[in-house]
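Worksheet: the structure to be examined is printed underneath.
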Amino acid sequence: MLAQPAAAQGAADGYPNQVVRIVVPFSAGSATDILARTVAERLQERWGQQIIVENRPGAAGTGSVARAMPDGYTLMATSNGHTVVGLLNKSLPFDPLKDFSGVTQIASVPLVLIVYPELPAKTLKEFIDLVKAKPGQYNFASPGLGSTTFIAGALFKQTAGLDLQHVPYRGAPESVTSVIRGDSHMYFTPANVGVELIQTGKARALAVTTPQRLPQLPDTPTFAEAGLPGFSYDSWFGLMAPAGVPAAILEKVSRDTAQTLAAADLKNRLASQGITAVSNTPAAFDRIIRDDAARFAELFKEAGVGAK
């Protein structure tokens, strides 16, 4: 009975001894992609092994990880949007909860609600009033139904009682561009991506999802300050693995990632972009994944969102 745990520990002691692949089920340039590459660069230095970050947007990318050998050499960097993909597509060839193991969170990224700058709404209240005056005529963009920004949009729509149409794009850059052009009216952009857009006037910021204002956007109020105190949302990002990876390997990856994120220069670099480095154990991350899945299932049910 002791042979299997000993073998698993031995595999962890020698891990990694070959190329590690991190699949990102979102497009290049997305918040998930940027964070994955930042962590991969540091882990590669720590491990002395090549780490390849592979962008495979959508369910195909996530499914490839679910089917991968559970040896720790295929990981996935994703967002809390992973917790809702099963609610949005009942015919997935994988189970978002049963077919994956949490490794560790890597970051919490505040979101900023931005709108097309030519809209006649300079505050959150004015935007809400504008949408309520013309129900169904305004929309919000997202990189897709399983994205963290889609969840934020659905939650905002429900909290404010709005009839907003959802327009999915192929990736985060396309979503941002759609708001700049005016094809879409609203988007929840990760702060690290949106600050420059806001500062250059390409988009107008109405509120941030953090409890306090962001140092990078001191003039942008929180949702509570802007008149919608019931809106609360944490956009997290993390590493996952196929179910069945030995616990000792999951714990090693989690531990090494935590030590990487604890480096003062990296923490400061992320903080300067409004990103908080976060790490936890595989067991703690699994609990968060399952708690969020239950929470969002209830949210989507109340909002009438989900696969029919």
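The values are calculated or read from the model by the stated rules, or taken from the named source; none is laboratory data. Computed from a predicted model, the values in this text were never measured in an experiment. Backbone-built Cβ (ideal geometry, glycine too); neighbour counts: all protein chains shown.
Within the range 135-168, restricting attention to residues that are assigned to a loop (DSSP other than H, G, I, E, B) and out of contact with any Asp or Glu (no Cβ under 9 Å at 6 or more places or on another chain), the residue that is surrounded by the fewest Cβ atoms within 10 Å (Cβ to Cβ) is GLY161. Looking at PRO117, PRO143, just one residue is at pLDDT below 90 and touching a Lys or Arg at 6+ places or on another chain (Cβ under 8 Å), and that residue is PRO143. Which one of these does THR257 not meet: (1) at pLDDT 95 or above; (2) not assigned by TED's automatic domain parsing to the domain that holds SER30? Every condition holds for THR257 apart from (2).
Just to be sure, is THR189 surrounded by 19 or more Cβ atoms within 10 Å (Cβ to Cβ), part of a loop (DSSP other than H, G, I, E, B) and among the hydroxyl-bearing types (Ser, Thr, Tyr)? Criteria not met by THR189. Looking across the range 227-254, just one residue is among the polar types (S, T, N, Q) and at pLDDT 95 or above, and that is SER254.
Taking the conditions (1) modelled with pLDDT of 95 or more; (2) in the same structural domain as TYR73 (by TED's automatic domain parsing); (3) not in a strand (DSSP E or B) in turn, LEU270 satisfies each one other than (1). Please verify whether LEU217 is out of contact with any Ser or Thr (no Cβ under 7 Å at 6 or more places or on another chain) and outside any helix (DSSP H, G or I), treating the condition exactly as stated. When the stated conditions are applied, LEU217 passes them. Only one of the numbered conditions (1) within 21 Å of ALA36 (Cα to Cα); (2) under 18 Å from the mean Cα position of the chain (by Cα) is violated by SER272, and that is (2). Looking only at the range 228-241, decide whether some residue is free of Cβ contacts under 8 Å to residues at least 24 places away in the same chain and closer than 16 Å to GLY153 by Cα. For the range 228-241, residues free of Cβ contacts under 8 Å to residues at least 24 places away in the same chain and closer than 16 Å to GLY153 by Cα: present.
Listed here are the residues, each with its yes/no results for (1) among the small types (Gly, Ala, Ser); (2) under 19 Å from TYR116 (Cβ atoms); (3) surrounded by fewer than 20 Cβ atoms within 10 Å (Cβ to Cβ).
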| position | (1), (2), (3) |
| --- | --- |
| SER175 | yes, yes, no |
| HIS185 | no, yes, no |
| GLN199 | no, yes, yes |
| LYS202 | no, yes, yes |
| ALA224 | yes, no, yes |
| PHE231 | no, no, no |
| TRP236 | no, no, no |
| VAL245 | no, no, no |
| THR257 | no, no, no |
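Considering THR62, THR74, THR83, the condition of being at pLDDT 90 or above and either surrounded by fewer than 17 Cβ atoms within 10 Å (Cβ to Cβ) or over 21 Å from ARG287 (Cα atoms) (or both) is satisfied by THR74 alone.
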